[in-house]
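Student: Quick one: the structure is below, and I'll ask about it shortly.
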């Protein structure tokens, strides 16, 4: 379908009649009917049928409309970006982040960035590791933040920070005060809240457990790290999460400590190799790096 055919189909489907669609598009009714007819001829099936004087979408039209709606969402984003550029404004940044970074780091970085670039708009998605990379491949985001991404010929990566795995436990679990660092072996003999999610942090933990042949008694598995901390607070067990989850969700009733020896990971900015970051996006990445560094320094 041509873009004009998509626009007409969307208008007729949304408005329920050719006359109303014509008014919405500011064109004549015959023009709408002609474009719609050409679209049906090109597709090889009917999009609407008349029933008691009304236009009723076919099953094919219902299925097609779901796809067309996504196209219109992208067009709205494009129109907003073009509008900002025409006005000499900052433009639009689409970013995908892990839930851990969406809890504190990303919101603070966006707030700081918009304080100096108030005309820049953002589209932010919080996605799990595999979904973050998919959002880049499918061009749903301009840049992504992830932990230890695997090398890929289509992706360009830049490490902008780092973090450590943290043991999270109830206050007093390991004495008052707790040691500055905790041996991972202290999970043995305790109920453990694990993460069923796959990803670099889970992989680091699993490799270390296997290397040291530790006996981990996992009593609950959660889909995201930040769900583990309320369970720890309620006395269900201890957990090991990434540092940024601990910094954002930890608080009253729980403590967290890095491990000994340290288990570290890198935080990377990723984008498609054939779509280099804009000047504004690069500046935003610098702000992200600054926010991460400050957050770790305060811990």
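No lab work stands behind these numbers, since they all come straight from the coordinates. Since this is a predicted model, take the numbers as computed values, not measurements. A quick note on method: Cβ atoms are made from the backbone with ideal geometry, for glycine too, and the neighbour counts reach across all protein chains shown.
Student: Helix 3-15: angle to the longest alpha-carbon principal axis of the chain, degrees 0 to 90, nearest 10?
Tutor: 90
Student: What's the extension gain from residue 19 to residue 151 if we count 0.36 nm per residue and subtract their Cα-Cα distance?
Tutor: 42.1 nm
Student: Divide by every residue of the chain the summed helix terms, -39500 (n - 2.57) for each DSSP H run of at least 4, and state the resulting mean residue ellipticity at 222 nm, rounded to the nearest 500 deg cm²/dmol.
Tutor: -14500 deg cm²/dmol
Student: Here's another thing I want to ask about it. Taking Rg and Dmax of the Cα atoms in Å as the quantity of interest, determine which of (i) 19.7, 62; (ii) 25.5, 80; (iii) 21.5, 75 was computed from the displayed structure.
Tutor: After the calculation, the listed value that fits is (ii).
Student: On to the next question. Quick check: the angle from helix 105-116's long axis to the longest principal axis of the chain, C-alpha only, nearest 10 degrees?
Tutor: The angle comes out at about 60 degrees.
Student: Can you give me the C-alpha center-to-center distance between the range 1-78 and the range 103-164, rounded to a whole angstrom?
Tutor: Here the two parts' Cα centres lie 36 Å apart.
Student: Roughly how many nanometres apart are two label points built 7 Å out from the Cα toward the Cβ at residue 52 and residue 74?
Tutor: With each label point 7 Å from Cα toward Cβ, the separation is 3.9 nm.
Student: Okay, next question. Can you give the angle from 0 to 90° between the axis of helix 59-86 and the longest principal axis of the chain, with both taken from C-alpha atoms, to the nearest 10?
Tutor: Here the helix axis deviates by roughly 80 degrees.
Student: Can I ask one more? Of the beta bridges DSSP finds with both residues in the chain, what % are antiparallel, to the nearest 5?
Tutor: Percent antiparallel among DSSP bridges in the chain is about 60.
Student: What ranking of 1, 292, 227 emerges when the number of other C-beta atoms within 10 Å of each C-beta is taken as an exposure proxy, fewest first?
Tutor: 1, 227, 292
Student: With a 10 Å Cβ neighbour count serving as the proxy for reagent exposure, in which order, fewest first, do 188, 70 appear?
Tutor: Least to most surrounded, the residues fall as 70, 188.
Student: Sort 97, 68 by Cβ crowding within 10 Å, fewest neighbours at the top.
Tutor: On the way: 97 23, 68 18.
Ascending number of Cβ neighbours within 10 Å: 68, 97.
Student: On to the next question. Where both partners of a DSSP beta bridge lie in the range 162-265, what percent of those bridges are antiparallel, to the nearest 5?
Tutor: 60
Student: Quick check on the range 41-172: of the DSSP beta bridges with both residues there, what percent are antiparallel, nearest 5%?
Tutor: Just about 30 percent of them are antiparallel.
Student: For the pair residue 252/residue 280, report the inter-label distance in nm, with labels modelled 7 Å from Cα in the Cβ direction.
Tutor: 4.0
Student: Contact order normalised by length for the chain, with contacts defined as Cα pairs under 8 Å and 6 or more residues apart; what percent is it? Don't jump to the answer; show the numbers that get you there.
Tutor: Numbers: 449 pairs, mean separation 62.1, N = 299.
The value is 21 percent.
Student: FRET efficiency for residue 212 and residue 174, Cβ-Cβ distance as r, R0 = 30 Å, nearest 0.05?
Tutor: Computed FRET efficiency for residue 212 and residue 174: 0.95.
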